[in-house]
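Enquirer: Questions regarding the structure given below will be posed in turn.
The values are calculated or read from the model by the stated rules, or taken from the named source; none is laboratory data. Since the model is a prediction, treat every value here as computed from it, not as a measurement. Note: ideal-geometry Cβ built from the backbone for every residue, glycine included; neighbour counts use all protein chains shown. Accessible surface areas use protein heavy atoms only, side chains included; no ligands, DNA or RNA. Shrake-Rupley method; radii C 1.70, N 1.55, O 1.52, S 1.80 Å.
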Amino acid sequence: MYPLREIPAAGQALAGAEKDDGSIRVQLGRRITLLHPPTQWQPDPEGAKAPNTLLELQWAYGYNGSLLKSLHWINSHEYVYATAALCVVQNIPLNVQRFFSGHDEDVTCVTYNVARGLCASGQRDPKGPGGPYVCVWSPGEDLIDVAIAELHFHQREVTAVCFSADGKYIYSFGRDDHHLLAVWRTPSLAERPIPKYGGPSQPLKPLRVTTPIYSVGTGKAPTFGAMTAFRAGGTAMGTIDTEKRPEGEFVGFSKEFVRFWVHRAEGQGLGVGRHILTNNLAVYGKHPTPRRMVDVASVSLSTERKSWLTAENGYLYSFIGNTCKLAVNIAKRTHGKTPPLGGVCELPLGGFLAADFAGVLYSRSCLASPLAVFTPDQWAGDAARWFQKPPVLRIASLASNHRFDAQLTQKMKAGERERERESISLLVAAGTTTNHLFVLSLTLERDYRGERVVVPMASTTSTIREDVKRLASATWKPSLLYAFQAGHMGEVWGLAHHPSLQLAVTGGGTTVRFWDVAKGRPLFGQVLRVEHPVGSLSFAPSGHFLAAGLDGGMLRVWAFPKLEPVYNNFVDSRYRERVYFVQWSDKGDYLAACCGDQRIYLFTAKADSSTYFKLALHRVLVGNSSSILCCMFSKDGKYLISNSKDAQILCWATLTGHRETRMGALRNLTYQLPWVNIFGWPVIGLWGDPLYDCSDIDSCCSDHSGKLIVMGDDYGRIKLFRFPTPYLSPDCRVYGGHSAHVTRVLFTKDNKVFSTGGRDATLLQWRVVELKPPPLPQASWESPDHHPPPAAGEQVPPASAPRVPSSGTRHVLQDALHPHRQPQPQPYTQTEPPPQRQQQMEREEKAEGKGLSFVHPPYATAPAPGVGMASLSPAGPLEGPSGPVVATARGRAKLQQYFKDHCADCGKVKVALQQSETRETRPGWYYRNASTGVGPAMSGFKASWQQFARDT
């Protein structure tokens, strides 16, 4: 390892580090080991820099079904949900996703407010000194990247969050000792702080708020779900008197209780005056008291404040205020017992849609209509068989988009013959506790002839009865529209990609799932179930076979695409340790299984397409002193190199199974691509973080061209490096999104990156984006502020003719020094450099010597009277030969910050500033190298400098 974190020059000796056999002592994850660099390798300073590529999150596969009230529609065709450390906005027509990535731990709650168009989300306590917080953000396409504000107050976890009906306040619940409820004033986008200096190094930052306007303890039990219980402005059935309405009404519920909260503010202005929070427990009266509430939906009808609640005893409760007015056991009895009721959502005109944990849906179109029951075979059709063994239709969350259709209620109440023939439908998003996510289509069918269950009506006004009497014989009929997400129930450790198809495979718990990565959909009909948890997956190079290493020392191989098992046996029949890793050779003739019993089981594979396959144990490779994490073959398949938990690197000959003790003899060996071993000479730089130990990196993978490598660590981070990276602490690009340890990363042949999180059970798909330099102008002396050369026959304007520069082409240095001035008309300038100016520049170039200097362009005219030349150092003052340059403090700070950000590697930078009170012509600025002439990057610097001026 290079001492003092420096990169030696090419051919420089490594004194004190290199051994007689060419090995070098390096520290990998706090362990010292010996590595052998290739004999012809020479250090390259560019290799330690960050790669010229970026990773762009393209798709997230997964859904956290354990969250309550965290599935919301933001318009008629987009809904938001949470998975891992991401909030995902799903667009149904375009089938695209947007991501809010402002969290660094599991997102525990999400809510949306229609009045303000804002989302709020909370998270768990991350590792390190920070704590949990609430992010306020906009789900819009242009504003989702950065949070508007971060609300820091709670400890351990933010369990629930909701807005007031008008969006003026945010209510958040914590999991601290007193389970505090905090009241926040909702920040606006205009309150987000603007960076003092522009440029790429000064991104927008959210507003940080640490003190709520009011807080109160809620009791001994935490609140896991919250929802606004009263909608601002009422509905189409009636309006609410805003003067008599409190600031906010919301429902908070957990496993043990349901509380109805009322927030009132006394005084002038938001956050000023006295705030009062009162709560009342649910009163059930003569109705059976549930042990646990599952979901809640609120509906506003005239002056009634009605809420529907579902419970695990199969009852649907109807509340007005905090008093239960109706409780009916609507869950269909199956196998002699009542399944718990799950999600419930509000429908127009007082209707609702509920579901139980057996997948049965219950719909009611209005207060006067009976209840209709739909089994999974009726609403899912042939797709119901995908979810029944084992049952996954434990629907716990339902959300309807009816509030975004302004004409929906009028269509429902219309009685004309033409209106009755119209198709009235809406969408409902359904989430299950088994991490599945569906979208249902509800169609209003008049004169419904299906199964009905009569439910007594709660007390309502006569006006409502009159408005909905035409809907007494109608019902909402659900049908499965899309199946968007499916998740694993255990930790995900297996990840593979088909060699030629757009198909990814993941293994978590006891299931193996397939994903269509071209469409961003799970393949529900293709799910493999195994007896033991999956530890690793790997496709054969031909793509005809899929190997899986399981817990208990089992190795299983399926033929693809038939998915019929062709091999199923225990490789470790004595200790039954886990198979951590499986790897095929490039020719597909060897299959290695790395087991937790410190052995590698090497098999020979003989296959003829997908019809014939024979796997036979060839050698058992021993010598490791700890569990083996990964392995890979040489390019020709003659050698196998392995990594173990104690950072041990061993190599064997595949033909004889003999262990190679002289690793220096194999230093020039060419290994297969992609590189997957976490220890080795090409991946020294992955361990540059001083906090890493040997267990903090679980997986790495290089691209198939051998230029990039990506790795995942136990902190949920994904890092992108150049490959190979045998340097101390090289620069890299870091990305988040996972809330647990990144168990597997994978580079595909079409330059896509996949990563899996262990506990968050989420698969992320990334796109590799190349960084392109700004375009160069046609000639080095061209400037956007001068006219192009005159065409044939065109009259050249006189020198005194005024010209107004076009938008975005102002003199950026002058504007930075004098930001309050407006551009004045500029005279026409010639396009050829005068001979006197050319000679003057040559003399300046010889005098400057080597180094970078900023000078006038070769075609610039002589400076006008009053113009001075000044030198600028990133840390020094702005001074010229005749004294300080006249500049405002704002302009001086902008210049210093810009050169600090963009010219840090140039050392002491000199800039020639032209200062003129009359703002004479200054066509452009660039830098030249005194030893080689005009530098090729001069126009790139000018373009970036102009972009900086436009941004600021």
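Enquirer: Just to verify a number: FRET efficiency for SER625 and ALA665, C-beta to C-beta distance, R0 = 30 Å, to 0.05?
Expert: 0.85
Enquirer: Give me the net charge for the shell around GLY131: Cβ to Cβ below 13 angstrom, other residues only, Lys and Arg +1, Asp and Glu -1.
Expert: Its environment carries a net charge of -1.
Enquirer: Now for a different question. Rounded to whole Å, give me the distance from the Cα center of the range 343-384 to that of the range 581-617.
Expert: 50
Enquirer: If we sort 102-109, 55-62 on the protection proxy, mean other Cβ atoms within 10 Å, highest first, what's the order?
Expert: On the way: 102-109: 24.5, 55-62: 20.6.
Most protected by this proxy first, the peptides run 102-109, 55-62.
Enquirer: With no solvent and one equal point scatterer per Cα, compute the Debye intensity ratio I(q)/I(0) for the range 52-171 at 0.11, 0.16, 0.17 Å⁻¹ and report its log10, rounded to two decimals.
Expert: -0.34, -0.73, -0.82
Enquirer: Determine the gain in length on full extension of the stretch LEU281-ARG385; use 0.36 nm per residue of separation and subtract their C-alpha separation, reporting nm with one decimal.
Expert: 33.3 nm
Enquirer: Is there a pair in LYS168/LYS325; LYS587/LYS638; LYS519/LYS752; LYS707/LYS752 whose C-alpha atoms are over 19 Å apart, and which pairs would that be? If you can, show how the numbers build up before the last one.
Expert: On the way: LYS168/LYS325 31 Å; LYS587/LYS638 11 Å; LYS519/LYS752 14 Å; LYS707/LYS752 14 Å.
In this structure, LYS168/LYS325 exceed 19 Å between Cα atoms.
Enquirer: Okay, moving on. Using 0.36 nm per residue, how much length does the chain from ASP750 to LEU34 gain when fully extended, once their Cα-Cα distance is taken away?
Expert: Roughly 254.3 nm would be gained on extension.
Enquirer: Please find the FRET efficiency linking ALA518 to LYS587, where r is the Cβ-Cβ separation and R0 is fixed at 30 Å, and quote it to the nearest 0.05.
Expert: After rounding to 0.05, the efficiency reads 0.60.
Enquirer: Could you check the spin-label model distance between LEU204 and ASN329? Points 7 Å from the Cα along Cα→Cβ, value in nm.
Expert: According to this spin-label approximation, the distance is 5.4 nm.
Enquirer: Rounded to whole Å, give me the distance from the Cα center of the range 171-187 to that of the range 127-147.
Expert: Centre-to-centre distance over Cα atoms comes out at 17 Å.
Enquirer: If you plug each phi of the range 717-734 into the Karplus form 6.51 cos²θ - 1.76 cosθ + 1.60 with θ = phi - 60°, what whole-Hz ³J(HN,Hα) values come out, in order, with x for Gly and Pro?
Expert: Per residue, the Karplus-derived 3J(HN,Hα) values read 9, 10, 10, 10, 10, 6, 10, x, 9, x, 10, 7, 6, x, 6, 8, 10, 10 Hz.
Enquirer: Now a separate question. If ligands, DNA and RNA are left out, what is the accessible area of MET489 with a 1.4 Å probe, given in Å² to the nearest 10?
Expert: 130
Enquirer: What list of ³J(HN,Hα) values in whole Hz, one per residue of the range 582-590 in order, does the Karplus curve 6.51 cos²θ - 1.76 cosθ + 1.60 (θ = phi - 60°) give from phi, with Gly and Pro shown as x?
Expert: Working through the residues one at a time gives 10, 8, 9, 6, 5, 8, x, 8, 10 Hz.
Enquirer: Report the gain in length on full extension from TRP41 to HIS152: 0.36 nm times residue separation, minus Cα-Cα distance, nm rounded to one decimal.
Expert: Stretched fully, the TRP41-HIS152 segment lengthens by 34.9 nm.
Enquirer: Kindly rank 558-570, 137-149, 754-766 from highest to lowest mean number of other beta carbons found within 10 Å of each residue. Could you put the intermediate results ahead of the total?
Expert: Details: 558-570: 15.2, 137-149: 18.2, 754-766: 25.4.
Per-residue Cβ counts within 10 Å, averaged per peptide and sorted highest first, yield 754-766, 137-149, 558-570.
Enquirer: Top to bottom by accessible area (1.4 Å), largest first, where do THR670, THR748 land?
Expert: Greatest to least solvent exposure: THR670, THR748.
Enquirer: THR39: accessible area at probe 1.4 Å, nearest 10 Å²?
Expert: Number for this one is 70 Å².
Enquirer: Could I ask something else about it? Which value, in Å² rounded to 10, gives the accessible area of ARG208 with a 1.4 Å probe and all protein chains present?
Expert: Here the residue's solvent-accessible area equals roughly 150 Å².
Enquirer: Then there is this: What spacing in nm lies between the two simple spin-label points modelled at HIS178 and LEU691, each 7 Å away from Cα in the Cβ direction?
Expert: 3.1
Enquirer: Find the all-direction average of the projected area of the Cα convex hull for the range 103-145, expressing the result in square nanometres with one decimal place.
Expert: The Cα convex hull of the range 103-145, projected and averaged over all directions, gives 3.2 nm².
Enquirer: Taking the solvent-accessible surface of protein heavy atoms with a 1.4 Å probe, what is the per residue accessible area of the range 642-733 in Å²?
Expert: Heavy-atom accessible area per residue stands at 35 Å².
Enquirer: Mind putting a number on the dipole of the range 601-754 about its Cα centre? Charges go on the C-beta only, +1 for Lys and Arg and -1 for Asp and Glu, and I need it in Debye to the nearest 20.
Expert: Rounded to the nearest 20 debye, it is 520 debye.
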